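The values are calculated or read from the model by the stated rules, or taken from the named source; none is laboratory data. Source: prediction; values computed, not measured. Every residue, glycine among them, receives a Cβ derived from its backbone with ideal geometry; neighbour counts consider all protein chains shown.
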Amino acid sequence: MIVCPSLALVLALVGDTALSLRATIAGLPADPSAVASAKAEASAKAGATTAGSLTITLSRWSTDAERAPLFKALSAPAPAPPPPPAAPPAGRAGGRGRGAPPPPPPSPLARLSAAIKAAPTLGYIWTGGVTGYSIKYAWRSSATDGKERIVLVTDRRLDSHAPDWTSASAGDADFTLIEMRLDDHGAGEGKTSLTTSVAIDTAANTLALDGYAAAPALLKVTR
């Protein structure tokens, strides 16, 4: 099993909001019974927790085989809508229930949401509540030009934790992608799919934010 190296991060929302976020990416025990103690240890490493804090524990990065179904779900063309139902013959009323249009085909984001939920759990993000967010996708690049990329995807939306992050671009996405860019000192920024659409970075072979440079930086990362 590949264990992620410890990486302590302190994240704060950019803007006028006072909400601060703290997180630790560290090795998570393979034994599910040890999750509670791992959470407590990660919280201690991140420092004193405050309202709105985030604790992240990660056991490993996603494999190529685990990433493939997510890429397929997002890249596959949307199925053509079914033809409208035929009108009943003149003078005859349609039977009960006949003529109802079939449900629309799922959008690429809806398909991706389903694929994310079916993926194995690689770690957790805990907020101030009891229920955590399962991490279903975790990817990391080698540092290039002094920058390291980390992409995490949760199986649920984080906007219930921070509703100001949400915009209409989130669409049918029932998940949250967090992309971080860090320098050699572990400082940088983080952006999320709650305000920016998701795409496939074919060069890096990963899910990513579409147009990362133009996306609003919601997180300031310091080490």
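In the stretch 169-193, which residue that is part of a strand (DSSP E or B) and under 21 Å from S107 (Cβ atoms) is modelled with the lowest pLDDT?
Top of the filtered list is T192.
Pull out all pairs, ordered by first then second residue, where Cβ-Cβ is under 9 Å, the residues are six or more apart or on different chains, the first lies in the stretch 203-223 and is free of Cβ contacts under 8 Å to residues at least 24 places away in the same chain and on the phi > 0 side of the Ramachandran plot, and the second is among the hydroxyl-bearing types (S, T, Y) and surrounded by 13 or more Cβ atoms within 10 Å (Cβ to Cβ).
Short answer, once both residue conditions are applied: G211/T196; G211/S197.
Being loosely packed, with under 14 Cβ neighbours inside 10 Å, of a type in the set (S, T, N, Q) and in a loop (DSSP other than H, G, I, E, B) is the filter here; which residues of the stretch 122-156 pass it?
Residues satisfying the conditions are T131, S142.
Being closer than 18 Å to I56 by Cα and either at pLDDT 80 or above or of a type in the set (D, E) (or both) is the requirement here; does K136 meet it?
Against the criterion (closer than 18 Å to I56 by Cα and either at pLDDT 80 or above or of a type in the set (D, E) (or both)), K136 qualifies.
Select from the stretch 109-126 the residues that are closer than 15 Å to A138 by Cα, among the aliphatic types (A, V, I, L, M) and at pLDDT below 90 and list them in ascending order.
Within the stretch 109-126, just I125 meets the criteria.
Considering the stretch 194-211 alone, what residues qualify as being part of a strand (DSSP E or B) and touching a Ser or Thr at 6+ places or on another chain (Cβ under 8 Å)?
Matches in the stretch 194-211: I200, T206, L209.
Quick check on my filter: what residues within the stretch 157-168 are in a loop (DSSP other than H, G, I, E, B) and either more than 12 Å from the chain's Cα centre (by Cα) or modelled with pLDDT of 90 or more (or both)?
Across the stretch 157-168, the qualifying residues are H161, A162, T166, S167.
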